[in-house]
Amino acid sequence: VGSETGYASTGWTGYAPLSTPAREGMGAYAIAFSLMGISAILAGFNLVCTIICYRAPGMRWSRLPMFVWAMLTTSFLFVLAVPVLVGGLYMMLTDRTVQTAFFTDQLGGSSYLYEDLFWFFGHPEVYILALPGFGIVSEIIPVFSRKPLFGYKIAAAGMIGVAILSFFVWQHHLFDSGIDPD
């Protein structure tokens, strides 16, 4: 890492108690991660709009390939989860640059707020990575077994269900953070 920008001493998560006093590299981390997040949001909007508006004529929802279902649910995860992370990164940047107090405990903020925002993105992000793989497997197995996919509607509903449930379980990442479990 170059000496001009320093390094982000917070690890890959960028946790707030460590990010406020961190060197200049933390600002580069937040800006770069925000730019990647904005591009992911725009890609998600693009895929959602394409799948909904530009399907082949006569292509009903019940005939979409499983990979398309996987990409649709993944795109909705991009659109719904990534803005929370980008917002948290911008809040971190304002804590560092204009001395706001979103994440500074001594000034009335909460360092747990950043952890909540990060993991509200971070847990669905696991499924952003996994759902396309589920869609690929759901396409490959029927081809090589020479049989249609068993339980097509259940498989599509399952992908949607996994995407929805991924937003409700981020708190398990905070069990060892010292936050009150109640």
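The values are calculated or read from the model by the stated rules, or taken from the named source; none is laboratory data. Values in this document were obtained by computation on a predicted structure and should not be read as measured data. A quick note on method: Cβ atoms are made from the backbone with ideal geometry, for glycine too, and the neighbour counts reach across all protein chains shown. For accessibility, only protein heavy atoms count, side chains too; no ligands or nucleic acids. Shrake-Rupley method; radii C 1.70, N 1.55, O 1.52, S 1.80 Å.
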Just by accessible area at a 1.4 angstrom probe, what is the order of H172, H123 from largest to smallest? H172, H123
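Could you give the DSSP H helices of the chain that reach 27 angstrom or more along their long axis (alpha carbon positions) and whose average Kyte-Doolittle hydropathy is no lower than 0.5? If you can, show how the numbers build up before the last one.
On the way: long enough: 25-53 (42 Å, 1.82); 66-97 (46 Å, 1.48); 111-145 (52 Å, 0.89).
Going by DSSP H runs, the hits are 25-53, 66-97, 111-145.
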Check each of the chymotrypsin sites (Phe, Trp or Tyr not before Pro) in the range 21-55 and keep only those in coil by DSSP with at most 14 other C-beta atoms within 10 angstrom; list them in order. Y54
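Can you give the charge dipole size of the chain about its Cα centre, rounded to the nearest 20 debye, using +1 on the beta carbon of Lys and Arg and -1 on the beta carbon of Asp and Glu?
Numbers: 8 positive and 11 negative charges, 261 e Å.
Its charge dipole is roughly 1260 debye.
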Pair V143, I31: separation of 7 Å Cα→Cβ label points (nm): 4.4 nm
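For the range 5-158, what percent of Cα pairs sit more than 28 Å apart? Please list the in-between numbers first.
Working: 4368 of 11781 pairs.
Everything past 28 Å amounts to 37 percent.
Ignoring ligands, DNA and RNA, please state the percent of accessible area on the chain from carbon and sulfur, probe 1.4 Å.
Values: 7500 of 10650 Å².
That share works out to 70 percent.
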Ranked by GNM mean-square fluctuation in the chain (Cα springs under 10 Å), the top entry among P132, P124, P142 is P142
So the label point goes 7 Å from the Cα of F45 along Cα→C-beta, right? Which residues of the range 65-99 then have their backbone N under 19 Å from it? 72-90
For the chain, with a Gaussian network of springs between Cα atoms less than 10 Å apart, report the residue from I140, I128, I51 with the top mean-square fluctuation. I140
